[in-house]
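Structure first, then comments.
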Amino acid sequence: MHSTTRPRRRTAVAATALALAGLVGAALTGCAGSSSASAGGLSKPKAQAATSAAAFGGMKGLVAAAEKEGKLNVITLPPSWANYGKIIDGFKKKYPKIKVVSQNPNGSSADEVAAAKSQKGRDTAPDVFDIGTAVLQQNLDLVAPYKVANWQQVPDDFKDADGKWIYDYTGLMSIGYDSSKVTTAPTSVKDLLGSAYKGKVAIKGDPTKANEAASAVYLAAIGNGGSPDDVQPGVDYFAKLKKAGNFVSVLPSQATVNSGETPVVLQWSYNNLAWGPAAGSAGNPNWKVVVPSGTALGSYYNQAINAGAPHPAAARLWEEYIYTPEVQNLYLAAGAYPAMLKAMQSKSTVDTAVLKSVGEAPADFVQLSADQATKAGTLLSAKWAAAVR
Amino acid sequence: MTASRTVRGGTAGASLRSAPAVADPAVGGAAPVSRGAGAVARRRAPGWLGLSPFVVYVLLFLAIPAVVAVTSGFFDADGRPTLGNLAAFADRGVQLDFLGSFQLSAVSAAISAVVGAVVCWALTAWPAGSGLRTAIDSASSVLAQFGGVMLAFAMIATIGGQTGIVTGLLRTAFGIDLGPFLYTVGGLTVPYVYFGVPLMVLTFMPAIDGLKAQWGEAAATLGATRRHYWIRIGGPVLAPAFLGSLILLFANAFSSFATAAALIDQGGIVPLAIQQQLTSETVVGVANSAGVLALGMVLVMAVLMTAYALLERRAQRWQS
């Protein structure tokens, strides 16, 4: 996502690196193609068509097939996002014979789709997606149906009946603030209009580009008389915030939060938590997180398997791994509510200490449906720029 | 549409006017070389061989991507050819992005050019090759390349609205509050001038050095004042080099991206609009209009670079 000021030169360097990676990738494909033909007794096309572990003869067969492939490509999973650093490390520890390649960790959902299309048929193509709903719904032909062993533990409205996608976790839109710069804790988005917040409030990017930034607008809509069907009040709110001189266009990061340049950031709870004391010496010790009172706004991400996954068994094993209490608890520890949470609470497999520190999931919770998100996106693309520039 | 019209009325006009005057000597100068001894022809084959890595590099990483990017603008999301994406130019937001890019590039280029030229002029007080000149030359080479997120953070630490050091000094010493000025399109002028001035020094210094002391002496002998000298001799000789450098600075600012992406993530200039359309998670199906915006930028750059090449040729007449 981040190129540099001198695009001609730096892009060229990056492109060279990419091209070299592509050549290496092409060479690897040649090798992998011959070796994985009979992975775990299943040919690659058959493994790509497997809709459950049973196709491999159960979990043991799946593990054997995945280990034979020996590699897994994940994409756009930042280590500090929803605990993905620990989740990937856990997978490596559990299956040491499988090499995990984490591509473009800071990319967007659209980048995942672009990579799947441009790398199609290569060994470097992503195997699995962690993808936003709006982008996924436009690209359902790219994903393969698969149902994990714990399929039944995820509520029905959290998954596709055919198994093409399944929710993994959601954050809640939250206000992160530096308690050394903002002395009274905000309790609602309306509070941020006050003069104490002059030049202080930032969101995670351009809402016409990033889902997380758009969600800040949707939260503002809900807090100002709007709804998932009517996000205009959110745009109006940010126009007011801009007019008051409180809203700044700078892209907040751990660095700007640590220096105090962006003392208030609207973003997913797990990202706000990750920038605070939880990050240890790299974090801002004064960073606090508030989920505004009233209806909470979330947005589940989806797990899905690339239909043309170069490592189809490893991809399926990754999904089995994600839907274990172990990993679902890791999501939770980062402040991301996992899809299996309810089932885990009733089965007592949830890490209660973690749940207590993060807080119960709110009862009053909304997220935008695919149609609502498309409609909201259209409104943002027409109205946003004029509101904040 | 608006974009290309602005260009045609502006910088391009100047370059076209100077074109005929330049073309003749250039052709005349090139001819004797190609008629030269057989040795040149024999050297040409290994010459091409030596050049081929560069040619392949340019083809692979500049020409082909540029063609792919621009042609993508003429297909819809399903891969059918269309001219519909050109409608992006009628979009008010896109027009404002181009306007923002033009204003930012023009203002930062003008400031950088004037400041850089004054620096160059001041430096003529020292002989070429002196320690100070070498030091400034090296510093300019480094600073002209300093950009991207690093520069953005340096700027935030200096003139950021909340914690910038200079912001704090201005506030306590003079009661001036910069506020979030850095995070506006206008505020980007500061980082752009930061790498623009050194670039001006690098490109304009050879022209200033090309002013021969004898011209000044000759003019003085004939009774010209200092003012006459600059109006009749120094100015006209330096003008093509100055305009050429100005165009280069404009083009450099026009195509800059990463500093802006970190500082004004809400957009306001064309490169950010292209990125928004290419990577949007929230507004789907606009990736192809990015190609059209890229075409707009390529056209602007092509016009600017042609003008630069023409001016550069004219400027070199006096630099031998």
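A few notes on this one:
- Strands (runs of 3 or more DSSP E) wholly inside the range A:43-150 that include at least 2 residues being surrounded by fewer than 21 Cβ atoms within 10 Å (Cβ to Cβ) and in contact with a strand residue (DSSP E or B) (Cβ under 8 Å, 6 or more places away or on another chain): A:99-103
- Which numbered condition A:VAL366 misses (of (1) over 19 Å from A:ALA134 (Cα atoms); (2) at pLDDT 85 or above; (3) away from every other protein chain (no Cβ under 14 Å)): (1)
- Taken as a whole, the range A:113-131 holds no residue that is more than 13 Å from the chain's Cα centre (by Cα), of a type in the set (Lys, Arg) and under 17 Å from A:TRP318 (Cβ atoms).
- When A:ASN271, A:ASN224 are checked against the criterion of being farther than 28 Å from B:ALA273 by Cα, more than 14 Å from every other protein chain (Cβ to nearest Cβ) and surrounded by 16 or more Cβ atoms within 10 Å (Cβ to Cβ), A:ASN224 stands alone in meeting it.
- Restricting attention to the range A:265-304, the residues that are within 19 Å of B:GLU281 (Cα to Cα), touching a Phe, Trp or Tyr at 6+ places or on another chain (Cβ under 6 Å) and not hydroxyl-bearing (Ser, Thr, Tyr) add up to 4.
- Note on the range A:163-209: residues that are under 18 Å from A:TRP275 (Cβ atoms), charged (D, E, K, R) and assigned to a strand (DSSP E or B) amount to 1.
Yes/no per residue for (1) out of contact with any helix residue (DSSP H, G or I) (no Cβ under 7 Å at 6 or more places or on another chain); (2) among the basic types (Lys, Arg); (3) surrounded by 24 or more Cβ atoms within 10 Å (Cβ to Cβ); (4) under 30 Å from A:GLY260 (Cα atoms):
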{"residue": "A:GLY280", "(1), (2), (3), (4)": "yes, no, no, yes"}
{"residue": "A:GLY283", "(1), (2), (3), (4)": "no, no, no, yes"}
{"residue": "A:TYR323", "(1), (2), (3), (4)": "yes, no, no, no"}
{"residue": "A:ASN329", "(1), (2), (3), (4)": "no, no, no, no"}
{"residue": "A:ALA343", "(1), (2), (3), (4)": "no, no, no, no"}
{"residue": "A:SER346", "(1), (2), (3), (4)": "yes, no, no, no"}
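- Any hit, the range A:170-190, residues being under 14 Å from A:ASN302 (Cα atoms) and touching a residue at least 24 places away in the same chain (Cβ under 8 Å): yes
- Selected residue (only one of A:LYS190, A:LYS164 is of a type in the set (Lys, Arg), away from chain B (no Cβ under 14 Å) and in contact with a helix residue (DSSP H, G or I) (Cβ under 7 Å, 6 or more places away or on another chain)): A:LYS164
- Restricting B:ILE208, B:ILE247 to those that are surrounded by 24 or more Cβ atoms within 10 Å (Cβ to Cβ) and touching a residue at least 24 places away in the same chain (Cβ under 8 Å) reduces the list to B:ILE247.
- Screening A:VAL135 against (1) within 25 Å of B:VAL284 (Cα to Cα); (2) touching a Phe, Trp or Tyr at 6+ places or on another chain (Cβ under 7 Å) leaves a single unmet condition, (2).
- Any hit, the range B:121-141, residues being within 9 Å of chain A (Cβ to nearest Cβ) and surrounded by 15 or more Cβ atoms within 10 Å (Cβ to Cβ): no
- Qualifying residue in the range B:244-256 (condition: away from every other protein chain (no Cβ under 13 Å) and in contact with a Lys or Arg (Cβ under 9 Å, 6 or more places away or on another chain)): yes
- Those residues of the range B:167-187 which are assigned to a helix (DSSP H, G or I), more than 9 Å from chain A (Cβ to nearest Cβ) and not aliphatic (A, V, I, L, M), in sequence order: B:THR167, B:GLY168, B:ARG171, B:THR172, B:PHE174, B:PHE181
- Within the range A:117-134, tally of residues that are under 18 Å from B:GLY79 (Cα atoms) and within 14 Å of chain B (Cβ to nearest Cβ): 2
- First in the range A:63-91 and over 24 Å from A:ARG122 (Cβ atoms), second anywhere and of a type in the set (Val, Ile, Thr) and buried (at least 20 other Cβ atoms within 10 Å of the Cβ), Cβ under 6 Å, 6 or more apart: A:ILE87/A:VAL327
- Looking at B:LEU246, B:LEU272, just one residue is within 24 Å of the chain's Cα centre (by Cα) and farther than 30 Å from A:LYS209 by Cβ, and that residue is B:LEU246.
- Residue among B:ILE264, B:ILE269 that is modelled with pLDDT of 90 or more and either within 9 Å of chain A (Cβ to nearest Cβ) or surrounded by fewer than 22 Cβ atoms within 10 Å (Cβ to Cβ) (or both): B:ILE264
- Considering the range A:281-389, the qualifying helices (runs of 4 or more DSSP H), each wholly inside and each with 3 or more residues that are within 20 Å of the chain's Cα centre (by Cα) and within 20 Å of A:MET173 (Cα to Cα), run over A:325-333, A:370-388.
- Of the residues making up the range B:277-292, those that are of a type in the set (A, V, I, L, M, F, W, C) and more than 7 Å from every other protein chain (Cβ to nearest Cβ) are B:LEU278, B:VAL286, B:ALA287, B:ALA290, B:VAL292.
The values are calculated or read from the model by the stated rules, or taken from the named source; none is laboratory data. As the structure is a prediction and not an experimental result, all values here were calculated from the model. Every residue, glycine as well, gets a Cβ built from its backbone with ideal geometry; the counts of neighbours run over all protein chains shown.
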